[in-house]
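Beneath this line is the structure, given in structure tokens, with notes to follow.
The values are calculated or read from the model by the stated rules, or taken from the named source; none is laboratory data. As the structure is a computational prediction, the values presented were derived from the model and not from experiment. Counting neighbours? That spans all protein chains shown, and the Cβs are built from the backbone with ideal geometry, glycine included. Just the protein is used for accessible areas: all its heavy atoms, side chains included, with ligands, DNA and RNA removed. Shrake-Rupley method; radii C 1.70, N 1.55, O 1.52, S 1.80 Å.
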Amino acid sequence: MSPQDREIAVAIIRSFDARPEMLIQLLHGFVDKFGFVSNDAVRLIADELNVSRADVHGVVSYYHDFRTEIPGRHVVKICQAEACQAMGSRKLTEHAEQRLGVELHQDSEAISLEPVYCLGNCACAPAVMIDGKTWGRVTSDRFDALIASEMDA
Ligand code: FES
């Protein structure tokens, strides 16, 4: 972690008054700012909150949102929750893995393909999020069209 990033990281932690009960919120702050929670970040958070690294690591590894690796330039999330599964999200995921050349939970330099468990778009299942934008009723063809348009945008 560079000295500049460390300064930013400490500011994030202190914006939550370095309170251990705010761990999840401040981890979201790290992901928003840096895109992931590095080992250095885990160490720094533990020191600042005066908790063990295992405590921080346990929370980071429990929640899918807290990635520990640098994400690809584009982040594609496919909903794997019940309503989307009933409408074909598993098949769509297989298609996406082939189309993007990465498996679910994997990153390439260009793309991170992630599962998500409900995007609040159940009525328009299956749902997909591409770089923070949610799309519904995504077929394989529509997925390809979205990837082409959103990745070039
Ligand atoms: S179950 Fe997929 S958006 Fe809710």
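Quick notes on this one:
- Translational diffusion of segment 74-152 was estimated from the Stokes-Einstein equation, with Rh taken as the Kirkwood radius over Cα pairs; at 25 °C and 0.890 mPa s the coefficient is 205 µm²/s.
- Taken over the chain, the alpha-carbon convex hull comes to 117 cubic angstrom per residue.
- Unpartnered cysteines - no second Cys beta carbon under 4.7 Å - across the chain: C118, C122, C124
- Take every Cα pair under 8 Å whose residues are at least 6 apart in sequence, average their separation, divide by the length of the chain, and the relative contact order is 19 percent.
- If the convex hull is drawn through the Cα atoms of segment 3-62, its volume per residue in Å³: 70
- Here the chain carries DSSP beta bridges of which approximately 55% are antiparallel, counting only pairs with both residues inside.
- Amide H contacts under 5 Å for V116, placed H, 5+ residues apart: I78, C79, Q80
- Of the accessible area of the chain, computed with a 1.4 Å probe over protein heavy atoms only, carbon and sulfur atoms account for 48 percent.
- Using the average count of surrounding beta-carbon atoms within 10 Å as a protection proxy, the listed peptides 57-68, 106-117 rank, highest first, as 106-117, 57-68.
- Using the Karplus relation 6.51 cos²θ - 1.76 cosθ + 1.60 with θ = phi - 60°, the per-residue 3J(HN,Hα) values for segment 69-75 come to 10, 4, x, x, 5, 10, 10 Hz, with x marking Gly and Pro.
- Value at 222 nm in deg cm²/dmol, rounded to 500, when DSSP H runs of n ≥ 4 in the chain each add -39,500 (n - 2.57): -15000 deg cm²/dmol
- Order of exposure, largest accessible area first, which applies to M1, M22 with probe 1.4 Å: M1, M22
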